[in-house]
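A.B. asks: Take this structure, written in structure tokens, and hold onto it; I'll ask about it next.
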Amino acid sequence: RELEEFEIIKIAYEKDDSNTQISIDYLKLFEKLTKNDLSKNEIEKFKNIRESQKLIILANSTDNINQKLEFINKAIEFIQNNYHNPIKVSDIANYVCLNRSYLSTVFQNNLNMSPQKFLMEFRITKAATLLYDTDLPITNIAYSCGYSDPLAFSKAFKKIKGVSPKEYRLKKKE
């Protein structure tokens, strides 16, 4: 188990350019460890380096997670403020200062859906609320939720809710 831990840290060191000298020392000690050729002093040095690197790796991964959550929160904020406009994923990515592909990866890995799907579900949820709470024409609701084509809106609504906007509104009255 300890050797596996060392392997993981060794890989991190090999990819780490920021602590070059520590990385070289660690790799040299790692080689000696695998040959069972470490003195007690070297074992202590190895353990100290390992512990400090674990903390650095943990801090970096926590920073990375926090940064991704910031990206997601900023993207969701943009969607909440602009869903009524004809926005695209590229607009969201530009707002968050990420490329479209990376934004999609962050959403997929953290929310299990693409930004496009999130935007569509957000719009349809808003539309469902309007269908339920108002008597606005369905075409107006489509436009107010960012759809320029009422037919595309109806198809998206049915895909998410399982019924057409008209059927959804009729169920409300029952």
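The values are calculated or read from the model by the stated rules, or taken from the named source; none is laboratory data. Only a predicted model underlies this, so the values are computations on that prediction, with no experimental measurement involved. Reconstructed Cβ throughout: ideal geometry from the backbone, glycine too, with neighbour counts over all protein chains shown. SASA here: full protein model, heavy atoms, side chains in, ligands and nucleic acids out. Shrake-Rupley method; radii C 1.70, N 1.55, O 1.52, S 1.80 Å.
A.B. asks: So the check is Cβ under 7 Å with 6+ separation or different chains; which pairs have a first residue in segment 76-89 that's over 15 Å from residue 124 (Cβ atoms) and a second one that's open to solvent by 40 Å² or more (accessible area, probe 1.4 Å)?
C.D. replies: Filtered contacts from segment 76-89: 78/95; 86/148; 89/100; 89/116.
A.B. asks: Need a quick list: helices (runs of 4 or more DSSP H) entirely within segment 99-174 having at least 3 residues that are open to solvent by less than 40 Å² (accessible area, probe 1.4 Å), of a type outside the set (Lys, Arg) and touching a residue at least 24 places away in the same chain (Cβ under 8 Å).
C.D. replies: The qualifying helices (runs of 4 or more DSSP H) are 100-111, 115-133, 150-161.
A.B. asks: Please specify each residue of segment 64-75 satisfying the condition of being touching a residue at least 12 places away in the same chain (Cβ under 8 Å), within 25 Å of residue 144 (Cα to Cα) and surrounded by fewer than 17 Cβ atoms within 10 Å (Cβ to Cβ).
C.D. replies: Correct list: 74 only.
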